[in-house]
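In what follows, a structure is listed as structure tokens, so that the remarks can point back to it.
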């Protein structure tokens, strides 16, 4: 199918943040074929984008789809005075309550929320200890049914059943990666890719890290791993292994230019140097860090491949970037909107890596994959290359997201989903969430 977007303003979200007025964009299949003023071409679908701004789709570089049905969750819980208690009293009870149905609807809801807020790709990190085998296929199905691009993995951990649970998590990561490889080999469309997930070093023993390294080697994928989200994780590594966390991972062969490390509030200068030398991606999740009261990552300005995630706080990257920027300034940081928009757009380099460099993305440019967002943004001041990041952070929001295209398919048009009955899905999800909450309320921390 071909789509012609007529008379739009194109705003790039990577330096030098070019802005061009009165442009036509022709999409043929899943790629941007032509860009120019007054293109004399025919298309199956024509969109009049007069007064609209076209940008590359946003990327959520770290999400937790299992949180999709947790919004406003009504359960009894014990004290939550530190991060470990938050995990034990809340999230580790929720994930134990998830079954196939709840995982699927969590994926649907997270994918829908992402699309509606202008996010075209989400990198998920999944956990459902009562439903491990097959769970990643369920998450992927939710993404694919909505049409969102993404990746998922299972977080390897020993927190419930020791090495048995570790092995099952590793096996699920390998199984799903091979499933994706089979689809690609058969010439089928792959919208959801695979990574090798790990919860956090304090719940993965040495034998578990070794299994994860073997899984990376066997599948050709990189790890997706929380590190030093709380000081407890760093102390644990020092106490039991006499090593910094990043060194421990590297000693087990887990760091590469395909790796995605997350949070890292308590890593030191030597760890930053090491992860940069290995070419790792590093996801900053400001809202989640504030919500969990774990502190602020003061190393982000020293990270070479910084990307932006939400840690399960939805898929709205307009909102995430605003709060990340404001928190940075509150902490006395020296970065400006251009630095943050650069980090957000760098998520596309992660997407390219995860999808084995099958395509290029992150620009409105010929030859790029058509993951695009059309904004109905009314700028009250001039919008140009020099101030585009300022408009993104201070002015633009998900409220302006009018239409969304992923892989050349128009998924969201004039504020409405095109592939699904959204009201029906939300109604069904609410019923499933209520059932899930009752189950979780009976699960002991």
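The values are calculated or read from the model by the stated rules, or taken from the named source; none is laboratory data. Bear in mind that the values here come from a model prediction, so they are computed numbers and not experimental data. FYI the Cβ positions are ideal-geometry reconstructions off the backbone, even for glycines, and counts take in every protein chain you see.
Results, tabulated for the structure shown:
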item: Top-ranked residue of region 322-337 - restricted to ones that are under 22 Å from residue 272 (Cβ atoms) and touching a residue at least 40 places away in the same chain (Cβ under 8 Å), ranked as surrounded by the most Cβ atoms within 10 Å (Cβ to Cβ); result: 324
item: Selection count where residues are assigned to a strand (DSSP E or B), in contact (Cβ under 8 Å) with a residue 60 or more places away in the chain and farther than 23 Å from residue 284 by Cα, scope region 30-73; result: 9
item: Selection status of residue 155, assigned by TED's automatic domain parsing to the domain that holds residue 223 and free of Cβ contacts under 8 Å to residues at least 40 places away in the same chain; result: no
item: Qualifying positions in region 400-445 - buried (at least 19 other Cβ atoms within 10 Å of the Cβ), touching a helix residue (DSSP H, G or I) at 6+ places or on another chain (Cβ under 8 Å) and farther than 18 Å from residue 66 by Cα; result: 401, 404, 406, 411, 412
item: Only listed residue being without any contact (Cβ under 8 Å) to a residue 60 or more places away in the chain, farther than 15 Å from residue 250 by Cα and over 22 Å from the mean Cα position of the chain (by Cα), chosen from 179, 167; result: 167
item: Answer from 179, 165, 171 - the residue that is assigned by TED's automatic domain parsing to the domain that holds residue 209 and under 27 Å from residue 89 (Cβ atoms); result: 165
item: Whichever residue in region 1-29 is assigned to a loop (DSSP other than H, G, I, E, B) and modelled with pLDDT of 95 or more and, among such residues, is surrounded by the fewest Cβ atoms within 10 Å (Cβ to Cβ); result: 16
item: Among the residues listed as 95, 48, the single one being at pLDDT 95 or above and surrounded by fewer than 19 Cβ atoms within 10 Å (Cβ to Cβ); result: 48
item: Single residue of region 185-213 satisfying the filter (in contact (Cβ under 8 Å) with a residue 24 or more places away in the chain and surrounded by fewer than 16 Cβ atoms within 10 Å (Cβ to Cβ)) that is farthest from residue 134 (Cα to Cα); result: 206
item: Test for residue 138: is it under 23 Å from residue 261 (Cβ atoms), in contact with a helix residue (DSSP H, G or I) (Cβ under 6 Å, 6 or more places away or on another chain) and in the same structural domain as residue 261 (by TED's automatic domain parsing); result: no
item: So residue 113, is it closer than 15 Å to residue 144 by Cα and out of contact with any strand residue (DSSP E or B) (no Cβ under 8 Å at 6 or more places or on another chain); result: yes
item: Residue list for region 387-399, restricted to those being touching a residue at least 12 places away in the same chain (Cβ under 8 Å) and surrounded by fewer than 18 Cβ atoms within 10 Å (Cβ to Cβ); result: 390, 394, 395, 397
item: Residue match in region 242-251 (condition: surrounded by fewer than 24 Cβ atoms within 10 Å (Cβ to Cβ), modelled with pLDDT of 95 or more and within 24 Å of the chain's Cα centre (by Cα)); result: yes
item: Residue count for region 78-106, restricted to those that are in a helix (DSSP H, G or I), over 20 Å from residue 234 (Cα atoms), free of Cβ contacts under 8 Å to residues at least 40 places away in the same chain and out of contact with any strand residue (DSSP E or B) (no Cβ under 9 Å at 6 or more places or on another chain); result: 4
item: Residue list for region 157-213, restricted to those being within 22 Å of residue 369 (Cβ to Cβ) and in contact with a strand residue (DSSP E or B) (Cβ under 6 Å, 6 or more places away or on another chain); result: 177, 180, 191, 192, 193, 195
item: Some residue of region 259-266 being more than 18 Å from the chain's Cα centre (by Cα), surrounded by 15 or more Cβ atoms within 10 Å (Cβ to Cβ) and over 23 Å from residue 174 (Cα atoms); result: yes
